[in-house]
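A quick write-up on the structure given underneath.
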Amino acid sequence: MRPKSKPNAELYQVRYEALSLLEEQSQAGVIDLFYGDESSVSEEGYVPYGWQFKDESVHIEVAKGQRLNCFGMISRQNQLHYATTNGSITSAFVVNQLEELSWRLSKPTVIVLDNARIHTSDKVRQRLGDWHQRGLYLFYLPPYSPHLNLAERLWKELKARWLRPEDYQTSNTLFYAVWLALAAVGQELFIRFSDF
């Protein structure tokens, strides 16, 4: 998927350099650095591309079914904090996840997010002071820069590699497979992120 527009070059450079410094602090063990984002999985399936022989008819039945929405925060070391819901991921949902995380920190922690409204809402801003006191900080990527968010890769791996075609038989089998995969990140499933 391609962003709708290009980022402002000056803002991009400033935010990129700031993110680079955060990455250095994370590598040095001074802070924990997580990248957050949301996605959804449904019975409609995920088919990024396909091919067939000239005289062959290949198709995948489309099923409009239930949707499982996921919010995750992943580190370069494959530490993952996640939550799922059958409801919408709202600003209140994101606030609850960040609130829970803020009570479990062992060192200053930065969450990298895009500029979605649910990440920048009044509900989020109202909690910033308390989170800062607990050592939780938010860093916003420049607009139109999904390539800087490691969490985008998490969702791609989940949908393209970790979920199998047979997992899409029913919503129950699909959601169970999603939960198993997310629980296995950092234990049995790993993403090899490129260096920053």
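The values are calculated or read from the model by the stated rules, or taken from the named source; none is laboratory data. All of these numbers come straight from a predicted model, not from anything done at the bench. We place every Cβ from the backbone using ideal geometry, glycine too, and count neighbours over all the protein chains shown. For accessibility, only protein heavy atoms count, side chains too; no ligands or nucleic acids. Shrake-Rupley method; radii C 1.70, N 1.55, O 1.52, S 1.80 Å.
Some observations on this one:
- The chain - share of DSSP beta bridges that are antiparallel (%, nearest 5): 60 percent
- Using the rule -39500 (n - 2.57) for each DSSP H run of four or more residues, divided by the residues of the chain, the 222 nm mean residue ellipticity is -11000 deg cm²/dmol.
- Candidates S57, S75, S40, ranked by Gaussian network fluctuation over the chain, Cα under 10 Å, top entry: S57
- Separation in nanometres of the label points that stand 7 Å from Cα toward Cβ, at S40 and A92: 1.8 nm
- FRET efficiency for the Y16 to Y137 pair, using the beta carbon distance and R₀ = 22 Å, is estimated at 0.80.
- C-alpha long axis of helix 171-184 to longest principal axis of the chain, angle in °: 40 degrees
- Residue among A177, W162, V95 farthest towards the positive dipole end of the chain, charges placed on Cβ: V95
- Per residue, the solvent-accessible area of the chain (1.4 Å probe, heavy atoms of protein chains only, all protein chains present) comes to 62 Å².
- Rough spin-label spacing in nm, given labels placed 7 Å along Cα→Cβ, for R164 and S106: 3.4 nm
- Relative contact order %, the chain, counting alpha carbon pairs below 8 Å whose residues are six or more apart: 27 percent
- Using alpha-carbon coordinates, inclination of helix 9-27 to the longest axis of the chain, degrees: 80 degrees
- Under the convention that each Lys and Arg Cβ holds +1 and each Asp and Glu Cβ holds -1, the size of the dipole of segment 74-172 around its Cα centre is about 200 debye.
- Helix 91-102 and the long axis of the chain differ in direction by around 60°, with both axes built from C-alpha atoms.
- Between H147 and V30, the C-beta separation translates, for a Förster distance of 35 Å, into a calculated FRET efficiency of about 0.90.
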